[in-house]
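In what follows, a single structure is set out as C-alpha cells and then discussed.
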Protein chains: 6
Amino acid sequence: MQGAAIIILVVEDDQLIRDMVADALSDGGFEAEVAVSGEDAVILLQGDQIKYRALITDINLFGTLDGWQVGHRARELNPDIPVIYMTGAAADQWSAHGVPNSILLNKPFAPAQIVTAVSQLLNTGAPPA
Amino acid sequence: MQGAAIIILVVEDDQLIRDMVADALSDGGFEAEVAVSGEDAVILLQGDQIKYRALITDINLFGTLDGWQVGHRARELNPDIPVIYMTGAAADQWSAHGVPNSILLNKPFAPAQIVTAVSQLLNTGAPPA
Amino acid sequence: MQGAAIIILVVEDDQLIRDMVADALSDGGFEAEVAVSGEDAVILLQGDQIKYRALITDINLFGTLDGWQVGHRARELNPDIPVIYMTGAAADQWSAHGVPNSILLNKPFAPAQIVTAVSQLLNTGAPPA
Amino acid sequence: MQGAAIIILVVEDDQLIRDMVADALSDGGFEAEVAVSGEDAVILLQGDQIKYRALITDINLFGTLDGWQVGHRARELNPDIPVIYMTGAAADQWSAHGVPNSILLNKPFAPAQIVTAVSQLLNTGAPPA
Amino acid sequence: MQGAAIIILVVEDDQLIRDMVADALSDGGFEAEVAVSGEDAVILLQGDQIKYRALITDINLFGTLDGWQVGHRARELNPDIPVIYMTGAAADQWSAHGVPNSILLNKPFAPAQIVTAVSQLLNTGAPPA
Amino acid sequence: MQGAAIIILVVEDDQLIRDMVADALSDGGFEAEVAVSGEDAVILLQGDQIKYRALITDINLFGTLDGWQVGHRARELNPDIPVIYMTGAAADQWSAHGVPNSILLNKPFAPAQIVTAVSQLLNTGAPPA
C-alpha cells in the first residue's frame, strides 16, 4: 500500500513550526513533504513524481515568492488542491490575496488546527481532482 | 457511564481498512461497531438495542446491498443520522446516489479524516435525533 | 514561546467532564483554563491578563448564571470569540438562547468532537479578533 | 388556496421602512403582517391564529422590548422560525444578542436583500417546523 | 444570442403550481421547459437537444417515477445539475431520498423562493458542468 | 434619504451585458455605477466620494487590467467588499485567481442571479465594513 500515502506539501522556513506541522500531520496519518522556500515549493508542485493532496504554506518566506504566490501557482497546476495559509502578521491580506475556499491559520495555532484544516478541506464530498 | 458510549456503525469488508477506521474512531473517543456486509448493517440499524450516532460505509460491498443503499436505509430509519461514504472507485456516483449532508472520503484517506468527518457532522448545533 | 499558548476557557461544574475536556484540549495542543461557575467564568473573561481564544461552557451551572448568559457576556467582551456549548438536557434551547456561529455538543460526546469544534471555529480565515 | 399564504411578521416602527419591506415581500409573493412595537409582535407570535413563516425585526423599537428580545421570544415559541434583523446602529451587537442562523441586514438595504434573506432561510431542505 | 437562454426543467402535474413556477422563473430571466410526468422529464433530460441548467421537480407525480427518482436520474446524466424539490407531504423523505446539495421547498412557497433557490445553486463559483 | 443608496460598481465593456446587469440591480433596489475598463474601475474604487457596497466585474477587459486584478485591488482597499465575477471563458481560472468568498457567474446568466449573488454576499450578519 505504498501508493496510499496522503502527502501534504508544507512550505515554512522556520524549523520549529515546520517540525510541529510535520509532526501533527504525521500523528493524523498524513505524510509531510517540506520545502523551505517558495521557489522550492513551486519546483515540487510542478514535478510529476508526487501528487500532493494539499498545500500548507507560510506567507513571509525567504526568496522572491511569498505564500500568496505559491497558493496561486498551486491552484493553476491543480484547481482543486486544498490550500492552507499560516501567518502571524499578514492575516489581513488574506481577503485580497488568498485563493477561494482556503483556510487561514493565525499563528500561534495548535497542532489539532492543522489536522482539522486539512481534513475539512479534503472531506468535501467531491471526487479527487 | 456505560450509556455514554458514542457508537458508530462501520460497514467495510476489507479488514485492513475496517481496523484502521475502528482504531481511528477509538483514538478519538468513539466506539466502532463493525458490519462486513450491507445486509448485516441493515439488521443492526433496524435493531432496537443500539442507537448508532453515525454510519460510515464502504460503497462496493459483498452481497446484494451497496453502500448507497445502506445510506438510504439508515436515513429512512433515522432522518438525522450522519452518513459518511468511503470509496476508491465510486466517488463520481456520490452526486446521484449519496444522501443530503453526507461526506465522501476518497480512498486512500488518513485516520484523522474519519474522526474529523464524524465530528463535523455531529457538531451541528441541533438537538440529538 | 511562552506567549504562544492557545488558551481556551472551559466552564463546567462536573469534574469528570471538565477533566475529559481539558485532557482532550491538551492532546490537541491547546491549553485549558477551567472555571467551575458562570460567575468565575465572567470574572476571567473580564480580566485583562489572558486573552482567551475560545469559550466552552456547560449550560446548567451552579450559581446564578447559566451557560447561555456566559456566552452572551463573552461575545459582548469579544464579538469574535468562538463559543461552544455542552449540554445533555438543554439542547432544544440553543435555537433561542445560543449566540450566532456557535456549536452545540450534545452530551455524551467524544473528546475528538471538542477538538474539532474548537478548530472548526478558529479556522475561519479571518484575522484574529 | 386560502391557507397557502406565506405570512411574514415584520416589526418596525419607522413607517417608510415598514412599507418598503412590506412591498418587497409582496412583490416576492409573501404576505407581510406588521407590528409597530415588540410588545405587539410578541402578542401576535403567541396567538394561535396565524403561523408565521419568518420574523423580520428592527432592533431599536419604541416600548420595553428590543428586536433582540423579540427574536429570542420567537425562537422559544418556534425553534425553527427564520429570524432577520434590520439595523443601522446596533449591528455590532448581533454577535452577542442575535440568535443562531439569523441574518442581519445593515440599513440602508435594498428591497431585494429582504426577499433573498427570507428565501435563503426558508430554502434549507428541512421539513416545515 | 439564441444560445443564451438559461433553461430550467420543471416537472409538476398540478397546472396552477406549474404556471406559478414558470412565471416566477420567467420574471427572473430564466426560461422554463415543463414536463407533466417523471417519464417525460427523463426523456427530456436524456435528449441531446437542450442542456438544462437546473431541475425543479414535484415529488408525487402521475406515472411510475416519483420526483426522487427523477432527481437521481438527472444527476446520473449530469453530476453537477442543481436539483430543487417541491412538496407538501413528502418533505420528511428528503433526508433519505434527496440528492446531495439539493434544496427542498415546502408547499406552499412564494415565487421568490423558487428564483432564489435556482440562483443560489447556480451561483457557486464553479465552472459550468 | 440621499445617502441611503446602495451603490454597486459594475465593470463590463460589453454594453448589452452592462445594461442588463444595471437594470437587474435597479429592479432589485440597488444603484449601479458603471466602469468600462479595469483602469476606470480602480480609479473609482480609490476615490473617496463613493463607498461601493459590492463589485461586479467581467474578467476579460480592454486595457491592462483584467477582472481578477480589479478584484484583488478592491479587496486591498476594502477587505470586506463583496466581489462577483462574470465570465464565459475564464471560469476555470477562478480557483487560482479569484478572491476568497467571491461568487463566479458563468455567462450566460439570468438577471435574478446577479441580484441574488449581491444579496447573498451582503446578507452575512456582519456589521458593514
Would you tally the residues in segment C:94-116 being at negative phi and more than 9 Å from chain B (Cβ to nearest Cβ)?
-> 4
Across segment D:72-86, what is the total count of residues that are out of contact with any Leu (no Cβ under 7 Å at 6 or more places or on another chain) and open to solvent by less than 20 Å² (accessible area, probe 1.4 Å)?
-> 1
Check on B:Ala5, small (Gly, Ala, Ser), at pLDDT below 95 and more than 17 Å from B:Ile59 (Cβ to Cβ) = yes
For segment A:38-58, name all the residues that are under 14 Å from the mean Cα position of the chain (by Cα), over 21 Å from A:Asn101 (Cα atoms) and either open to solvent by less than 20 Å² (accessible area, probe 1.4 Å) or hydrophobic (A, V, I, L, M, F, W, C) (or both).
-> A:Leu44
Does B:Glu31 qualify as being under 26 Å from C:Ala117 (Cβ atoms), among the acidic types (Asp, Glu) and open to solvent by 10 Å² or more (accessible area, probe 1.4 Å)?
-> yes
Here are some conditions: (1) open to solvent by 20 Å² or more (accessible area, probe 1.4 Å); (2) without any contact (Cβ under 8 Å) to a residue 12 or more places away in the chain. B:Leu122 meets all but one. Which one does it not meet?
-> (2)
Quick check: is even one residue across segment B:62-82 under 25 Å from A:Ala117 (Cβ atoms) and either at pLDDT below 95 or outside any helix (DSSP H, G or I) (or both)?
-> yes
Residues that are assigned to a helix (DSSP H, G or I), buried (at least 21 other Cβ atoms within 10 Å of the Cβ) and free of Cβ contacts under 8 Å to residues at least 12 places away in the same chain, drawn from segment F:87-115 | F:Trp94, F:Ser95, F:Gln113
Determine the pairs where a residue that is within 13 Å of another protein chain (Cβ to nearest Cβ), located within segment D:5-22, has a partner that is among the basic types (Lys, Arg) with Cβ atoms under 8 Å apart, the partner being 6 or more residues away or on another chain.
-> D:Ile6/D:Arg53; D:Ile7/D:Lys51; D:Ile7/D:Arg53; D:Ile8/D:Arg53; D:Ile17/D:Lys107
Search result, residues across segment F:35-58 that are part of a strand (DSSP E or B) and among the small types (Gly, Ala, Ser) | F:Ala35, F:Ala54
Is segment E:58-78 home to any residue that is within 14 Å of chain D (Cβ to nearest Cβ), aliphatic (A, V, I, L, M) and touching a residue at least 60 places away in the same chain (Cβ under 8 Å)?
-> no
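The values are calculated or read from the model by the stated rules, or taken from the named source; none is laboratory data. Small disclaimer: the values here were computed from a predicted structure and weren't measured. Cβ sites come from the backbone with ideal geometry, for glycine too, and all protein chains shown count toward neighbours. Heads up: the accessible areas ignore ligands, DNA and RNA and are worked out on the full protein's heavy atoms, side chains in. Shrake-Rupley method; radii C 1.70, N 1.55, O 1.52, S 1.80 Å.
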